[in-house]
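The values are calculated or read from the model by the stated rules, or taken from the named source; none is laboratory data. Values in this document were obtained by computation on a predicted structure and should not be read as measured data. Note that we place each Cβ from the backbone using ideal geometry, even for glycine, and neighbour counts take in every protein chain shown.
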Amino acid sequence: MQTATHSDVLSRFGYALSDPTRAEILLLLRDAPGYPSELADKIGVTRQIVSNHLACLRGCGLVVAEPEGRRSRYRLADARIGHALEDLIGLVLAVDPTCCPAADTDNCC
């Protein structure tokens, strides 16, 4: 296992949040651990999509899988991730839509 530096942690967290489905998964896991099928139903996407995003979030070190028989339950890797999400969603941002439209974050200033 590799330990990430401060800037690497922020980059991974930013990457995870840059996708709406991954962000929604993190927000759901902030409230309680969950199974991929339940997360898919709550978000309204396929189980395969959720599984792909969970693999990404695991790779970023943000979630962990806990095997339970033939299923795996996912939770945030650290409770502080939930606190960080809570702090972030509480922010009020003054956004210039010509610079960084919500649907086009790849071309953000």
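Among residues of segment 1-19 being closer than 20 Å to Leu88 by Cα, surrounded by 13 or more Cβ atoms within 10 Å (Cβ to Cβ) and not hydroxyl-bearing (Ser, Thr, Tyr), the one that is farthest from the chain's Cα centre (by Cα) is Asp8. Assessment of segment 8-23 against the conditions (at pLDDT 95 or above, assigned to a strand (DSSP E or B) and not β-branched (Val, Ile, Thr)) yields no matching residue. For Val64, the test of being modelled with pLDDT of 95 or more and under 21 Å from Asp8 (Cβ atoms) is passed. Residues in segment 48-65 that are farther than 15 Å from Leu27 by Cβ and either surrounded by 11 or more Cβ atoms within 10 Å (Cβ to Cβ) or under 13 Å from the mean Cα position of the chain (by Cα) (or both): Ile49, Ser51, Asn52, Ala55, Cys56, Arg58, Gly59, Cys60, Gly61, Val64, Ala65.
Note on segment 66-84: residues that are over 15 Å from Leu27 (Cα atoms) and among the acidic types (Asp, Glu) amount to 2.
Within segment 58-100, work out how many residues are in a loop (DSSP other than H, G, I, E, B) and of a type outside the set (Lys, Arg).
The number of residues fulfilling the criteria is 17.
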